[in-house]
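The values are calculated or read from the model by the stated rules, or taken from the named source; none is laboratory data. From a predicted model like this one, the values you see are computed outputs, not experimental measurements. Cβ coordinates were reconstructed from backbone atoms using ideal geometry, including for glycine residues, and neighbour counts include every protein chain displayed. We work out accessible area using only protein heavy atoms, side chains counted, and drop any ligands, DNA or RNA first. Shrake-Rupley method; radii C 1.70, N 1.55, O 1.52, S 1.80 Å.
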Amino acid sequence: MAYVQGQTGEWEMVIGLEVHAQVTSNAKLFSGAATEFGAAPNAQVSLVDAAFPGMLPVINGKCVEQAVRTGLGLQAEINLVSVFDRKNYFYADLPPGYQISQYKNPIVGKGEIVLDLADGTSRTIGITRLHLEQDAGKSMHDQSPNETYVDLNRAGVALMEIVSEPDMRSGEEAGAYLKKLRAIMRYLGTCDGNMEEGSMRCDVNLSMRRKGDTKLGTRCEIKNVNSIRFVQQAIEFESHRQVELLEGGNVVKQETRLWDTTKGETRAMRSKEEAHDYRYFPDPDLLPLKLDQKWVNDIKMTLPELPDQKKDRFIRDYGLKSYDAMVLVAERASADFFEAVAKGRDGKLAANWVTGEFFGALNKLGKTVNDSPVSAQALGELVDLISNQTISNRIAKDVFEAMLETGKGAAALVEEKGLRQVTDLGSIEKSIDEILTAHADKVAEYKSGKDKLFGFFVGQVMKTTGGKANPAVLNELLKKKLNS
Amino acid sequence: MSDLTDISVTEALVGLAGKKFSAVELAKAHIAAMESARALNAFITETPKLAMKQAIESDARRAAGRAGAMDGIPLGIKDLYCTKDVRTTAASHILGEFTPTYESTVTQKLFDAGCVMLGKTNLDEFAMGSSNITSYFGPAISPWSGKDPVKANRKLVPGGSSGGSSAAVAGRFAMAATGTDTGGSIRQPASFTGIVGMKPTYGRCSRWGIVAFASSLDQAGPMTRTVADAALMLRVMAGFDSKDSTSVDQAVPDFVTALGTSIKGMKIGIPREYRIDGISAEIDNLWQKGAAMLRDAGAEIVEISLPHTKYSLAVYYIIAPAEASSNLARYDGVRYGLRVPGENLINMYENTRAEGFGKEVRRRILIGTYVLSAGYYDAYYLKAQKVRRCIRNDFEEAFKKCDAILTPTAPSTAFAIGEKQDDPIQMYLNDVFTVPLNLVGLPGISVPVGLGSDGLPLGLQLIGRAFDEMTLFKAASALEKAANFNHKPPFMAGT
């Protein structure tokens, strides 16, 4: 738990997040219009989305299924009866003048998410609810000097609003929560979690209290923070702002604030008094949504293995360390890649290579597992060469570099470059003898107690063998010679 | 008036089938009648060209042996139904020249059955009214005129909100018409003009493509000169529609088969609470007369109780405006219809909606916004929904004792344009007998039974169980036969 150090003492953050996750589906929540990202403005708008007279919403069963899947993935209660309400407000990108949402009776109730923190500990964060609602369109203020343009492609797209309990205590936890939630939804295939394209957006609720206090302070809501990094920056800024206010004898006003990415600060948008009166009431165009328990059970049967389960299995079946397992399961693609590499091989070695060299290379190249230049099969081949002692781990790193550059297979590169490891005792012994003779002074020093020189001899031998000497064999022989 | 305009739909179909006349002749006669009746302002938009085109196609279909259930029948379509390529106004200025690119499900069904559209009929703005006075296009006028000295020299309302439809059907310049009924908008104008008006069970007809007033109450229905015509036309209009989540997947029976069958042993309930204060002796007498007619036809009259009925109007005037305030939010000047520019978005909304909506619509939007507001929601909207549940229970109990319920349709005969206009409450009282059905979704039909002392028509309402329109048509047909209402309005188009 990270506390904020103020002038007068330590302060604790209390953070709750509201995430708007776009449901993966090929049609909108209440219309048949397409939902693909990047279409020409107003190319994906039905008469329902544009709220033409006499148009009526019809629920898209696929979106309901996705919400239930997500609920099940969050270990949450599924409400067999839920109600769609109208949230009434006027805006140009909200054609009907109301958003269809779920207010009092959401489709999913209480659930939880387990966070794996960097220090190896884990924390359980409560999910308050998940409900289905429509997205609004997009107002574009930069197309004309005196008019606003409206793109309704997004209007009516299905969102899941996922509300957490105020259980988080640091920006790190908030970040871990978002990553975990995103991973779960990606595993489930219910939301692509792409924050840049706006398919996952986050509002942060934050209040501060003195360390040890149990009463909640007054909170501010920071709207539409659209990356995990910004969420953490906004929390950092806002927590200090509130502490300064409180320590200065002022009060925090309950208000909605906006995260300004360029200035790196939060700014007041509207106060509680200016808050809209949304005049929620049940949408009379829609009947209450009733689900069959058997249908829910059937969906449950089709859930994939989720990150937590996968992590446990990796630890159990491959003997991985908790941290490595956590890193690998964070993205389904990484986990799948790892399993393909580890299949029939040394799991720990495979994990080291995937999380180490492989992720490092992807990072450097700005690529993802899915468009990686090295396939799982190719990396597996490299791991095989290490396991059967054809090459050393160190040589393997060079081979991997070459694989990245040339796209050639590991075995082919080893043959081509003559990197096969030398395990021939005679040849290694010969090299050792040469080195020991050449550095008789150092041998004497070693023998008089300067143990650290052992590494020096290893290095020298490796140098003469071009790094190909089998390290285990070399170590053993060298020790024998020096101690004789 | 030509003979062709004074016959019923059922008679016309016989004539068409027997080649006594063609759909084109029928359409021409009605177009001529419609043009001669312009003084009644029953149509907002006339579509004679479309009617002729449809009539020609109808004749071709009939010649090819492919005639639909209502092939060649010229109809008035309430201007709340969106009609493809024909301006749709909801009698409001705010829709401007709005011309839908789509056809409402119900009008599509009518056209698929071969109907011919004469034009779009007048109504109260957004169907909010009981007089057709609130139309932006001016009031529709009843073809009736009263004998009493006050009413004799004044123009009478045709009822509302489906006033253009009732005027056109009663005045013989549409053979039948569509209406919509949110609180009595089909039945009350039917009663005022001496025709039959049927509001089916909520969910029976699709609402898709009908401009919404109050979603949980709105229902489409036929307005005709005979019960048989209503049965025929409802069968065409009704049916499940996957585009309307509140439409109900129930088989649509052939209602016509119910007509003229015996009602012997049928139990007709008379709700004692409907003897509201101030009910006129005339209405009360007519009601008793209607009960006697049904008894004579073999029905058993039983007294029933609907104790929460007295709250119906209060509940209605919370729920209907609440839903309307939200349903009408889409008329904002952004995408279609009227736009009155402003300095900024809020100004544009204000200017557009202030100019686009009439006084009654604005009043209801304000009431609806108020009852949904934070701090008032529980006291008004939520409570109204609870009382609505009580009213529903009343009907459920009542239908354990009877098969249909008989009540007056409206508390009076038609009033004159200008009357009751300064007092909205007086106006709202018009719907006292009709509103409870909308609140609980039950079907009701108004059948003309007699004339008041002022010489104006009066109807009685029969109420049925949900999706039991068959029983309702059976009883209505018996009542129609016994009442033998053959009075005609002084104004008949073309005479």
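Filter the range B:101-124 down to the residues that are within 12 Å of residue B:178 (Cβ to Cβ), more than 14 Å from chain A (Cβ to nearest Cβ) and of a type in the set (D, E, K, R) and list them by number.
Correct list: B:109 only.
What is the one condition in (1) in the same structural domain as residue A:380 (by TED's automatic domain parsing); (2) without any contact (Cβ under 8 Å) to a residue 40 or more places away in the chain that residue A:294 does not satisfy?
(1)
Let me confirm something: among B:262, B:206, B:216, which residue is within 14 Å of chain A (Cβ to nearest Cβ) and open to solvent by 10 Å² or more (accessible area, probe 1.4 Å)?
Of the residues listed, the single one that is within 14 Å of chain A (Cβ to nearest Cβ) and open to solvent by 10 Å² or more (accessible area, probe 1.4 Å) is B:216.
So, of the residues in the range B:329-388 that are touching a residue at least 24 places away in the same chain (Cβ under 8 Å), of a type in the set (Phe, Trp, Tyr) and at the interface with chain A (Cβ under 10 Å from one of its Cβ atoms), which turns out to be nearest to residue B:91 (Cα to Cα)?
Here the residue is B:331.
Determine if the range A:292-305 includes at least one residue that is at pLDDT 95 or above and touching a Phe, Trp or Tyr at 6+ places or on another chain (Cβ under 8 Å). Talk me through it step by step, then tell me what you get.
So the first thing to find is which residues in the range A:292-305 are at pLDDT 95 or above, and the list is A:292-305.
This time we only want the ones that are touching a Phe, Trp or Tyr at 6+ places or on another chain (Cβ under 8 Å), so: A:304-305.
There is at least one residue in the range A:292-305 that is at pLDDT 95 or above and touching a Phe, Trp or Tyr at 6+ places or on another chain (Cβ under 8 Å).
Which one is farthest from the chain's Cα centre (by Cα) among residues in the range A:277-320 that are in a helix (DSSP H, G or I) and among the aliphatic types (A, V, I, L, M)? Before the answer, list the steps.
Going through the range A:277-320, the residues in a helix (DSSP H, G or I) turn out to be A:293-301, A:307-318.
Remaining after also requiring among the aliphatic types (A, V, I, L, M): A:296, A:299, A:301, A:315.
On the way: A:296: 27, A:299: 24, A:301: 25, A:315: 20 Å.
It comes out as A:296.
Does at least one position in the range A:367-376 carry a residue that is open to solvent by less than 20 Å² (accessible area, probe 1.4 Å) and under 26 Å from residue A:112 (Cβ atoms)? Don't jump to the end; show me each part of the working.
The first filter runs over the range A:367-376 and keeps only residues open to solvent by less than 20 Å² (accessible area, probe 1.4 Å), leaving A:374, A:376.
Of the ones still in play, those that are also under 26 Å from residue A:112 (Cβ atoms) are none.
Taking every residue of the range A:367-376 in turn, none turns out to be open to solvent by less than 20 Å² (accessible area, probe 1.4 Å) and under 26 Å from residue A:112 (Cβ atoms).
Yes/no per residue for (1) at pLDDT below 95; (2) of a type in the set (Lys, Arg); (3) open to solvent by less than 20 Å² (accessible area, probe 1.4 Å):
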| site | (1), (2), (3) |
| --- | --- |
| A:128 | no, no, no |
| A:138 | yes, yes, no |
| A:142 | yes, no, no |
| A:149 | yes, no, no |
| A:156 | no, no, yes |
| A:162 | no, no, yes |
| A:169 | no, yes, no |
| A:173 | no, no, yes |
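Confirm whether residue B:216 is under 19 Å from residue B:460 (Cα atoms) and of a type outside the set (D, E, K, R).
On the way: under 19 Å from residue B:460 (Cα atoms): no; of a type outside the set (D, E, K, R): yes.
Criteria not met by residue B:216.
Between a residue in the range B:41-67 that is more than 27 Å from residue B:142 (Cα to Cα) and any residue that is open to solvent by 50 Å² or more (accessible area, probe 1.4 Å) and in a helix (DSSP H, G or I), which pairs come within a Cβ distance under 8 Å, given they are 6 or more apart or on different chains?
That search, which allows pairs on different chains as well, returns B:55/B:28; B:62/B:17; B:67/B:17; B:67/B:61.
For the range B:265-276, indicate whether the set of residues that are open to solvent by 40 Å² or more (accessible area, probe 1.4 Å), within 22 Å of the chain's Cα centre (by Cα) and not hydroxyl-bearing (Ser, Thr, Tyr) is non-empty.
Looking for residues that are open to solvent by 40 Å² or more (accessible area, probe 1.4 Å), within 22 Å of the chain's Cα centre (by Cα) and not hydroxyl-bearing (Ser, Thr, Tyr), one finds none in the range B:265-276, hence no.
Tell me which helices (runs of 4 or more DSSP H) are completely within the range B:1-100 and hold 1 or more residues being open to solvent by 10 Å² or more (accessible area, probe 1.4 Å) and of a type in the set (Gly, Ala, Ser), or say none if there are none. Break it down into steps so the answer makes sense when it comes.
Numbers: elements: B:3-6, B:9-17, B:23-36, B:48-63.
Qualifying helices (runs of 4 or more DSSP H): B:9-17, B:23-36, B:48-63.
Can you find a residue in the range A:196-206 that is within 28 Å of residue A:72 (Cβ to Cβ), without any contact (Cβ under 8 Å) to a residue 60 or more places away in the chain and of a type outside the set (A, V, I, L, M, F, W, C)? So that I can check it myself, show each step before the final result.
Step one: filter the range A:196-206 for residues within 28 Å of residue A:72 (Cβ to Cβ), giving A:196-205.
Filter once more, so that each one left must be without any contact (Cβ under 8 Å) to a residue 60 or more places away in the chain: A:196.
Imposing the further condition that a residue be of a type outside the set (A, V, I, L, M, F, W, C) reduces the set to A:196.
Within the range A:196-206 (the criterion being within 28 Å of residue A:72 (Cβ to Cβ), without any contact (Cβ under 8 Å) to a residue 60 or more places away in the chain and of a type outside the set (A, V, I, L, M, F, W, C)), the answer is yes, since at least one residue qualifies.
Which of (1) over 27 Å from residue A:226 (Cα atoms); (2) without any contact (Cβ under 8 Å) to a residue 60 or more places away in the chain; (3) of a type outside the set (S, T, N, Q); (4) not assigned by TED's automatic domain parsing to the domain that holds residue A:176 is the odd one out, the single condition residue A:333 does not satisfy?
If we test residue A:333 against (1) over 27 Å from residue A:226 (Cα atoms); (2) without any contact (Cβ under 8 Å) to a residue 60 or more places away in the chain; (3) of a type outside the set (S, T, N, Q); (4) not assigned by TED's automatic domain parsing to the domain that holds residue A:176, just (1) comes out false.
Mind telling me which of the residues B:481, B:420, B:488 ends up being part of a helix (DSSP H, G or I), over 23 Å from residue B:248 (Cα atoms) and open to solvent by 10 Å² or more (accessible area, probe 1.4 Å)? Full working, then the answer.
On the way: B:420 fails: part of a helix (DSSP H, G or I); B:488 fails: part of a helix (DSSP H, G or I).
The unique qualifying residue is B:481.
If you take the residues in the range B:219-247 that are assigned to a loop (DSSP other than H, G, I, E, B), away from chain A (no Cβ under 12 Å) and out of contact with any strand residue (DSSP E or B) (no Cβ under 8 Å at 6 or more places or on another chain), which one is surrounded by the fewest Cβ atoms within 10 Å (Cβ to Cβ)? First the steps, then the outcome.
First pass over the range B:219-247, keeping only residues assigned to a loop (DSSP other than H, G, I, E, B): B:225-226, B:238-247.
Okay, now just the ones that are also away from chain A (no Cβ under 12 Å), so B:225-226, B:238-240.
This time we only want the ones that are out of contact with any strand residue (DSSP E or B) (no Cβ under 8 Å at 6 or more places or on another chain), so: B:238-240.
Numbers: B:238: 28, B:239: 18, B:240: 16.
Here the answer is B:240.
May I ask you to verify whether residue B:175 is more than 14 Å from every other protein chain (Cβ to nearest Cβ) and touching a Gly at 6+ places or on another chain (Cβ under 6 Å)?
Numbers: more than 14 Å from every other protein chain (Cβ to nearest Cβ): yes; touching a Gly at 6+ places or on another chain (Cβ under 6 Å): no.
No.
Tell me whether the range A:268-290 contains one or more residues that are more than 14 Å from every other protein chain (Cβ to nearest Cβ) and at pLDDT 95 or above.
Residues of the range A:268-290 that are more than 14 Å from every other protein chain (Cβ to nearest Cβ), as a first pass: A:268-271.
Applying the additional criterion that residues be at pLDDT 95 or above yields none.
No, there is no match, as no residue in the range A:268-290 is more than 14 Å from every other protein chain (Cβ to nearest Cβ) and at pLDDT 95 or above.
Among the strands (runs of 3 or more DSSP E) contained in the range A:1-115, which hold 3 or more residues that are at pLDDT 95 or above and more than 14 Å from every other protein chain (Cβ to nearest Cβ)? Before you say what the answer is, go through the steps one by one.
Working: elements: A:10-22, A:85-88, A:98-101.
Hits in the range A:1-115: A:10-22.
Filter the range B:248-259 for residues that are more than 14 Å from chain A (Cβ to nearest Cβ) and within 18 Å of residue B:206 (Cβ to Cβ) and give the result.
At the first step, the residues of the range B:248-259 found to be more than 14 Å from chain A (Cβ to nearest Cβ) are B:250-259.
Within the range B:248-259, B:250, B:251, B:252, B:253, B:255 meet the criteria.
Which members of the range A:338-364 meet the condition of being closer than 12 Å to residue A:320 by Cα and open to solvent by 50 Å² or more (accessible area, probe 1.4 Å)?
A:346, A:348, A:352
Count, please, the residues in the range B:262-308 that happen to be hydrophobic (A, V, I, L, M, F, W, C) and part of a loop (DSSP other than H, G, I, E, B).
The first filter runs over the range B:262-308 and keeps only residues hydrophobic (A, V, I, L, M, F, W, C), leaving B:263, B:266, B:268, B:270, B:276, B:279, B:281, B:283, B:286-287, B:291-294, B:297, B:299, B:301-302, B:304, B:306.
Applying the additional criterion that residues be part of a loop (DSSP other than H, G, I, E, B) yields B:263, B:266, B:276, B:279, B:297, B:299, B:306.
Residues meeting the conditions: 7.
Return the pair list, or none, for Cβ contacts closer than 7 Å from residues in the range A:52-64 that are surrounded by fewer than 23 Cβ atoms within 10 Å (Cβ to Cβ) to residues that are among the basic types (Lys, Arg), at least 6 apart or on different chains.
If the second residue must be among the basic types (Lys, Arg), the pairs left are A:58/B:243; A:60/A:28.
Could you say which residue among B:311, B:349, B:316 is touching a Cys at 6+ places or on another chain (Cβ under 9 Å), assigned to a helix (DSSP H, G or I) and surrounded by 16 or more Cβ atoms within 10 Å (Cβ to Cβ)?
Details: B:349 fails: touching a Cys at 6+ places or on another chain (Cβ under 9 Å); B:316 fails: touching a Cys at 6+ places or on another chain (Cβ under 9 Å).
Selected residue: B:311, the only one of B:311, B:349, B:316 that is touching a Cys at 6+ places or on another chain (Cβ under 9 Å), assigned to a helix (DSSP H, G or I) and surrounded by 16 or more Cβ atoms within 10 Å (Cβ to Cβ).
Any idea which of B:159, B:114, B:68, B:76 is at pLDDT 95 or above, closer than 19 Å to residue B:213 by Cα and in contact with a helix residue (DSSP H, G or I) (Cβ under 8 Å, 6 or more places away or on another chain)? Break it down into steps so the answer makes sense when it comes.
On the way: B:114 fails: closer than 19 Å to residue B:213 by Cα; B:68 fails: closer than 19 Å to residue B:213 by Cα; B:76 fails: closer than 19 Å to residue B:213 by Cα.
Of the residues listed, the single one that is at pLDDT 95 or above, closer than 19 Å to residue B:213 by Cα and in contact with a helix residue (DSSP H, G or I) (Cβ under 8 Å, 6 or more places away or on another chain) is B:159.
Here is a check on your reading of the model: is residue A:85 closer than 19 Å to residue A:131 by Cβ, of a type in the set (Asp, Glu) and either touching a residue at least 12 places away in the same chain (Cβ under 8 Å) or buried (at least 21 other Cβ atoms within 10 Å of the Cβ) (or both)? Reasoning before the result, please.
Numbers: closer than 19 Å to residue A:131 by Cβ: yes; of a type in the set (Asp, Glu): yes; either touching a residue at least 12 places away in the same chain (Cβ under 8 Å) or buried (at least 21 other Cβ atoms within 10 Å of the Cβ) (or both): yes.
So residue A:85 fits the description; yes.
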